[in-house]
Amino acid sequence: MAMRKFTKWYQSGAPWVWLSAGAVSICLLMVFGILLLIVMRGMGYFWPGELVQLTYRDGAQETVLVGEFQEHEQVPAAQLRAAGIELPAEQKTVQRHLFKVGNRDVLGQDFRWLLDTHITAKHYPAELVVLERREWGNFYGYLKAIKRDGNVVAEGEAAYRELSGRLDGALKLHGEIRTIEKQQIGAINYSLERLRLDRRVLELEGEDTPEALAELEQERLALEERYKTLQTSLVTLYQESKHDGVVMQDANGQEKEILLSQVVRVYQPNAMSVIDKCRHYLTKVWEFVTDEPREANTEGGIFPAIFGTVVMVMIMTVFVTPLGVIAAVYLREYARQGALTRTVRIAVNNLAGVPSIVYGVFGLGFFVYFLGGSIDQLFFPEALPAPTFGTPGLLWSSLTLALLTLPVVIVATEEGLSRIPRSVREGSLALGATKAETLWRIVLPMASPALMTGLILAVARAAGEVAPLMLVGVVKLAPALPLDMNAPYLHLDRKLMHLGFHVFDVGFQSPNVEAARPLVYATALLLVVVIVVLNLLAIYIRNRLREKYRTLEG
Amino acid sequence: MARLLVGAGGISVVVAILLIFLYFLYVVLPLFKPANAQAVASYTLPGADAGRTLHLAMEEQTEIAVRFTADGKAVFFHLSDGQVISEETLPLPKGVEITAFSAIDLHHEAVAYGFSDGTALVVRHSYQVTFPDDKRVITPRLEYPLGTRPIVVDDNRAALKKLAVQSGDDETTLAAATADGRLLLVNLAREESFNDEDEAGLERTVALMAEEAGDVRYLLLDQERIKVYAIDAQNELSFYDVRDKQAPELLHRIFLVEKGKEITAVQFLTGDISLLVGDSSGAVVQWFPVRDERGNHNLTRIRSFKTFRAPITALAIERGRKGFYAADRSGHVGIFNTTGERTLLKARVASEAIRQLVVAPRANAMLAEDKEGQLHFWHVHNEHPEVSWSSLWGKVWYESYEKPAYVWQSTSASNDFEPKLSLVPISFGTIKAAFYAMLVAMPLSILGAIYTAYFMSTRMRQVVKPSIEIMAALPTVILGFLAGLWLAPFLEKNLPGIFTLLFLLPPGIVLVAFLWSQLPGKVRHAIPDGWEAVLLIPAVLLISWGALAASPGIEQVFFGGNMRTWLTNEMGIDFDQRNALVVGLAMGFAVIPNIFSIAEDAIFGVPKHLSNGSLALGATPWQTMWRVVLLTASPGIFSAIMIGLGRAVGETMIVLMATGNTPVIDFSIFQGLRTLSANIAVEMPESEVNSTHYRVLFLAALVLFLFTFIVNTIAELVRQHLRKKYSSL
């Protein structure tokens, strides 16, 4: 009976319809599954996890550990027994935890795998403290005392209250030191390098008269003088920052003194209320977006990467917009619509499908080595053999990506131009406007939303593209931002950091992948959000545009 | 005016696109250019009265050359005009005659003389470069690394007939054939004494390799000092293993040329692994030791170069790469490369037979001496000899390999490294990755497109289509990151579950659908037609969860607790964590939206009256779909697949992060791979500009470029054709 029903149902062709519906469901699940995975992992990174103090028995030995649970997995008991671990006979699987123990300077590694069966006790003491440090990662333990120049200032309960004020002071000092080191001394070094190059220019042009050289020397001396004063103030600041320290006790009762200048943040996650945690979460997000990276990019913020991506994409837009618009206008409005134009159009269309790495190779060969090398020969002979533009950098990255996204802009703009009704153009021409005036005043403004769509798609593509950038200008850690206070302010020859490359580099080439992974998820989330928002915007504009022309035609 | 401006701008953009292609050609083409050479100078033998030339050598800047003579003299002269700079007489002991001579190796720039009293002398020529008044001045001089007093080779003091010398860091080894037919091996090791300036601090061991070696014509010792080749007048080579300097061992004997031919020149190729043998028929044959199954090294004939008709008279090798020059009796010189199996040039350098031939250290010049004592100095341009069609796409028998193979290994620490630039393994990897990606993407995206375009309700379609298209915008670096760090370990842990899921999902969906169709109409009609996909989401989730939850159990029952070890131990399948399965899934995911979007447009664009007609005639919706709509839209679907393929072939970040990037040829789904694009991304930043490696990487990029361009053009033409057809329907 059931069989006959099934055969009948089968003959109606319904199973195939359902199967194809299943394909859609699977696709949708994959898209939203991936987005969800990134969102969950990326957002979780900033939430202060609970600190656990647990007793772990490994054979006869018992150790006390403090840290956070990171991941859990089920392991077949047989596999563990094969590795020589004793387990109760009836047990089939064992839960295994990835446990972050921190204290890398003391314990050597951040993470340990723990078997659930070996954990004998768990506590969540409210006094447990997390110290976020500039080096060596987090320190987990108990705050014992605060010292100033070796003398105890506060102890026990009072210490934590005392700490926040002193930490603010230490952070302020650190900020001052950073300002001097990065900005002021950085500016002096930059000027010194310029002076060296000026001198080299004089030598090359044979104008190195004693007067000219003396003038340069005088400038150099003035700069060195300023450098020395800064250096002395730096030394005092450094000394000042070494006064305050905290005494921490780790899980094994060992005490360790840590200078406050090494500390970024202190908190007691177990004592925090939900509101505290939210506040903490927001400050962490803020730090992530605005701060500089620490510990080989695995901690701190990703501001230089965001900044690099934005600057690169903006310069790319400057290149790609006029080129794309002119090409599209030419193809649609001026070129004779014959076989040749059609061929060109197909060629342009296909360029969008050419692998991005091919553009990277072209950019490296043509822009960096050929163009850049020639520019260096002509305009920057003083810096040779050190290359100025003959090395991967911001300008070449932007140009390469402009080339890569050019087809996107051309295709979108052309589509926009083709949607403008003939009657509008003819109306303008009939009123006496020239073709150029019609184009400039009527056609282009009407096509501008299409152009915008193309540009947004181009920007979204460029922001996520990594492969070509690896060849033409991206580095894991750029010493300086491409935009700063030293003339000429925008340094097109500098290398840049990029969000996508940050994901690749930290996720795959960092020595401590386990510790860096949450940060990579957060970076990935940021990138995905930016790109999805840009795409949704493009789709929205496109849809509105279609509506608009539909009314025009009607 | 505006017309001009726009026209110029438009054309320049078009030109820019052309430029990409032309620039690639500009970089790649030099790879396939033959060598060229021009005569620079020709002059009579400098210092002709110093005796017959035994050996010629040039220094690195090709300004000065040296001639070692049979009278024990060294004549330094300017290469440009043959003017003698200095003529030095070597400190020969009194009353001896020069009976043997050997050029040691090209890196230490040394030669050795053997004498009639069983002794030998090692001489090095070196050049000091100074810059007085900013002008380069090169001063030649002779040095005696083992002292000016000849070393005793034969304790019996018989005359040395043939000699071969090599020096290591602290050791010098000499092989010698004496006039009375013995073959000796002498080793001089610097003793570990504190006063190492002491000349007597050399520990000397002597071993007899053969008592009766016959008439030895050629004697060679390699730079690692582990093997000696002795070739006798019958053209038979004896291969000695001399790793143990006190107990050399004869490994085997082999005839190098057939009867009737004669060996006329023998030379090691750079690296001293391969032996080049020139014979009287004008052929040069490359031999090197190949390990057989029993682990024995047998000298094997690898390949031959037959360009000349006259007997080979001299062989000279390039430094740092596997190329050589051969000269013949009619005065021709040929330039060859062994890896690329290329004859790069054949030129008549002299009108007489050539007696001596040498290549400059940078392989940019050669010097030949003919029978009449005339020297010929030529400049040579030979940039990329090792690349040829056969070395890029064919199997090549590389040195020290057991058989010809496809290998990509572009760099190594060693100087004498033979670059292995076969594009086959990485092209194979590209195809493999694309194949598995298409295997995942094609069914999902095409079925999905069919449903979305034809069966789905309009309201849902408005949401579904953009959502899937947003997939295309996801940066591939993120997909690669998830594939490498999340999916790969996940798959490894849940391998049985994943395979169960693959087999369970289609029947599971059908089963759920059938059960649904049996439900009372009231329930069924709660969800209108065209919303099946939503209904299936919980079903798919449930099936996936079930399969994954059952994974450990399945593993326990069928695979002894661990499928990975089971695969390796029971099936002999190697398992990489980052394998083709991971790439297939991740890249399949990346390709789905591309195929989906175009295929969906094609199906949606099929005129409605066609399907309505079919339905009116009583066909079921699926029959209409399959027989009418799909048939009409098939060119569009084809073009969608082509575009998807183009993307899968060129994708870089996903394969870079989700595979181990090992260039192996193995179609197993559990093995890693390396693709053209990932190879470029990995190696391009480190390759030297305009080097062979750099140009070969450009060639790889050009291959990618052309492949995707052609595939996309076909797809585009098909699509335009389809559009025309629809509008006529």
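Run down B:LEU485, B:LEU495 and say which single residue is at the interface with chain A (Cβ under 8 Å from one of its Cβ atoms), within 41 Å of the chain's Cα centre (by Cα) and surrounded by fewer than 24 Cβ atoms within 10 Å (Cβ to Cβ).
Values: B:LEU495 fails: at the interface with chain A (Cβ under 8 Å from one of its Cβ atoms).
Residue meeting the stated conditions: B:LEU485.
State which residue is surrounded by the fewest Cβ atoms within 10 Å (Cβ to Cβ) when the search covers only the stretch B:397-428 and only residues that are of a type outside the set (Ser, Thr, Tyr) and touching a Ser or Thr at 6+ places or on another chain (Cβ under 7 Å).
Residues of the stretch B:397-428 of a type outside the set (Ser, Thr, Tyr): B:397, B:399, B:402-405, B:407-409, B:413, B:415-421, B:423-426, B:428.
Retained after the next criterion (residues that are touching a Ser or Thr at 6+ places or on another chain (Cβ under 7 Å)): B:399, B:407-408, B:416, B:418-419, B:421, B:426.
On the way: B:GLU399: 20, B:VAL407: 20, B:TRP408: 24, B:ASP416: 17, B:GLU418: 24, B:PRO419: 21, B:LEU421: 25, B:ILE426: 24.
Across the stretch B:397-428, the extreme among qualifying residues is B:ASP416.
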Do we have any residue at all in the stretch A:418-430 that's closer than 23 Å to A:ALA538 by Cβ, β-branched (Val, Ile, Thr) and part of a helix (DSSP H, G or I)? no
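Listed here are the residues, each with its yes/no results for (1) touching a Ser or Thr at 6+ places or on another chain (Cβ under 7 Å); (2) assigned to a helix (DSSP H, G or I).
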{"residue": "B:LEU542", "(1), (2)": "no, yes"}
{"residue": "B:PRO552", "(1), (2)": "yes, yes"}
{"residue": "B:GLY560", "(1), (2)": "no, no"}
{"residue": "B:GLU570", "(1), (2)": "no, yes"}
{"residue": "B:PHE589", "(1), (2)": "no, yes"}
{"residue": "B:GLU600", "(1), (2)": "yes, yes"}
{"residue": "B:ASN612", "(1), (2)": "no, yes"}
{"residue": "B:GLY618", "(1), (2)": "no, no"}
{"residue": "B:TRP626", "(1), (2)": "no, yes"}
Of the residues A:LEU221, A:LEU216, only one is part of a helix (DSSP H, G or I), surrounded by 15 or more Cβ atoms within 10 Å (Cβ to Cβ) and assigned by TED's automatic domain parsing to the domain that holds A:ARG166; which? A:LEU216
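Examine the stretch B:300-313 for a residue that is β-branched (Val, Ile, Thr) and under 19 Å from B:ASN364 (Cβ atoms), and state whether such a residue exists.
Here is the first cut: in the stretch B:300-313, the residues β-branched (Val, Ile, Thr) are B:300, B:302, B:307, B:312-313.
Those left that are additionally under 19 Å from B:ASN364 (Cβ atoms): none.
No: the stretch B:300-313 contains no residue that is β-branched (Val, Ile, Thr) and under 19 Å from B:ASN364 (Cβ atoms).
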Among the numbered criteria (1) among the small types (Gly, Ala, Ser); (2) surrounded by fewer than 20 Cβ atoms within 10 Å (Cβ to Cβ); (3) touching a residue at least 40 places away in the same chain (Cβ under 8 Å), which single criterion is violated by A:SER273? (3)
For B:THR452, the lone unmet condition from (1) of a type in the set (S, T, N, Q); (2) at the interface with chain A (Cβ under 9 Å from one of its Cβ atoms); (3) part of a loop (DSSP other than H, G, I, E, B) is (3)
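Does A:LEU477 satisfy the criteria of being at pLDDT below 90, out of contact with any Asp or Glu (no Cβ under 7 Å at 6 or more places or on another chain), surrounded by fewer than 18 Cβ atoms within 10 Å (Cβ to Cβ) and in the same structural domain as A:MET316 (by TED's automatic domain parsing)?
Working: at pLDDT below 90: yes; out of contact with any Asp or Glu (no Cβ under 7 Å at 6 or more places or on another chain): yes; surrounded by fewer than 18 Cβ atoms within 10 Å (Cβ to Cβ): yes; in the same structural domain as A:MET316 (by TED's automatic domain parsing): yes.
Against the criterion (at pLDDT below 90, out of contact with any Asp or Glu (no Cβ under 7 Å at 6 or more places or on another chain), surrounded by fewer than 18 Cβ atoms within 10 Å (Cβ to Cβ) and in the same structural domain as A:MET316 (by TED's automatic domain parsing)), A:LEU477 qualifies.
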What are the residues in the stretch B:34-49 that are modelled with pLDDT of 85 or more and either surrounded by 14 or more Cβ atoms within 10 Å (Cβ to Cβ) or of a type in the set (A, V, I, L, M) (or both), if any? B:ALA35, B:ALA37, B:ALA39, B:VAL40, B:ALA41, B:SER42, B:TYR43, B:LEU45, B:PRO46
State whether one or more residues within the stretch B:60-70 are of a type in the set (S, T, N, Q), more than 14 Å from chain A (Cβ to nearest Cβ) and within 38 Å of the chain's Cα centre (by Cα). yes
Looking at (1) surrounded by fewer than 17 Cβ atoms within 10 Å (Cβ to Cβ); (2) in a helix (DSSP H, G or I); (3) within 34 Å of the chain's Cα centre (by Cα), which one does A:ALA170 not meet, given that it meets all the others? (1)
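Residue-by-condition table, conditions (1) over 24 Å from B:ALA472 (Cβ atoms); (2) surrounded by 20 or more Cβ atoms within 10 Å (Cβ to Cβ); (3) within 12 Å of chain A (Cβ to nearest Cβ):
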| residue | (1), (2), (3) |
| --- | --- |
| B:GLN623 | yes, no, yes |
| B:SER639 | no, yes, yes |
| B:GLU683 | yes, no, yes |
| B:PHE705 | no, yes, yes |
| B:ILE714 | no, no, yes |
Residues in the stretch B:274-286 that are on the phi < 0 side of the Ramachandran plot, buried (at least 21 other Cβ atoms within 10 Å of the Cβ) and not charged (D, E, K, R): how many? 7
I'm trying to understand the selection: among the residues of the stretch A:69-123, which are of a type in the set (Ser, Thr, Tyr) and either loosely packed, with under 12 Cβ neighbours inside 10 Å or more than 14 Å from chain B (Cβ to nearest Cβ) (or both)? A:THR117, A:THR120
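Give me the residue from the stretch B:137-176 that is among the hydrophobic types (A, V, I, L, M, F, W, C) and free of Cβ contacts under 8 Å to residues at least 60 places away in the same chain and, out of that set, nearest to B:LEU250 (Cα to Cα). Walk me through how you get there before you give the answer.
Applying the first criterion (among the hydrophobic types (A, V, I, L, M, F, W, C)) to the stretch B:137-176 yields B:137-138, B:142, B:146, B:151-153, B:158-160, B:163-165, B:174-176.
Add one more test, that the residue is free of Cβ contacts under 8 Å to residues at least 60 places away in the same chain, and what stays is B:137, B:146, B:151-153, B:158.
On the way: B:VAL137: 49, B:LEU146: 28, B:ILE151: 25, B:VAL152: 24, B:VAL153: 20, B:ALA158: 23 Å.
Applying the filter and picking the extreme gives B:VAL153.
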Just wondering, is there one or more residues in the stretch A:334-352 that are facing chain B (nearest Cβ under 8 Å), assigned to a helix (DSSP H, G or I), touching an Asp or Glu at 6+ places or on another chain (Cβ under 8 Å) and surrounded by fewer than 21 Cβ atoms within 10 Å (Cβ to Cβ)? yes
Among residues of the stretch B:498-531, those that are more than 9 Å from chain A (Cβ to nearest Cβ) and part of a helix (DSSP H, G or I), counted: 14
For A:LEU19, are the conditions met, namely being more than 29 Å from A:ASP250 (Cα to Cα) and either touching a residue at least 24 places away in the same chain (Cβ under 8 Å) or more than 14 Å from chain B (Cβ to nearest Cβ) (or both)? no
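List the strands (runs of 3 or more DSSP E) inside the stretch B:316-366, counting only whole elements, that have at least 2 residues being of a type outside the set (D, E, K, R) and more than 22 Å from B:SER390 (Cα to Cα).
Details: elements: B:323-328, B:332-337, B:342-348, B:354-359.
Per the criteria, B:332-337, B:354-359.
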Can you find a residue that is under 24 Å from the mean Cα position of the chain (by Cα), over 26 Å from A:VAL443 (Cβ atoms), touching a residue at least 12 places away in the same chain (Cβ under 8 Å) and not in a helix (DSSP H, G or I) anywhere in the stretch A:399-415? no
Might you check whether a residue that is out of contact with any Gly (no Cβ under 6 Å at 6 or more places or on another chain), within 14 Å of chain A (Cβ to nearest Cβ), assigned to a loop (DSSP other than H, G, I, E, B) and surrounded by fewer than 15 Cβ atoms within 10 Å (Cβ to Cβ) occurs anywhere in the stretch B:1-18? yes
Does A:ILE456 count as within 14 Å of chain B (Cβ to nearest Cβ) and either closer than 28 Å to B:THR476 by Cβ or buried (at least 20 other Cβ atoms within 10 Å of the Cβ) (or both)? yes
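Can you pull out the residues in the stretch B:19-54 that are of a type in the set (Gly, Ala, Ser) and within 14 Å of chain A (Cβ to nearest Cβ)? Reasoning before the result, please.
Let us first name the residues in the stretch B:19-54 that are of a type in the set (Gly, Ala, Ser), namely B:35, B:37, B:39, B:41-42, B:47-48, B:50-51.
None; the set is empty.
Which strands (runs of 3 or more DSSP E) sit wholly inside the stretch B:88-165 and have at least 2 residues that are surrounded by fewer than 14 Cβ atoms within 10 Å (Cβ to Cβ)?
Numbers: elements: B:98-103, B:110-115, B:119-130, B:137-143.
Per the criteria, B:119-130, B:137-143.
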Residue selected from the stretch A:401-448 under the condition of a type in the set (Val, Ile, Thr) and within 11 Å of chain B (Cβ to nearest Cβ), by the criterion farthest from A:ARG494 (Cα to Cα): A:THR434
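The values are calculated or read from the model by the stated rules, or taken from the named source; none is laboratory data. Because the structure is a prediction, the values reported are computed rather than measured. Don't worry about glycine lacking a Cβ; one is built from the backbone with ideal geometry, like all the others, and counts go over all protein chains shown.
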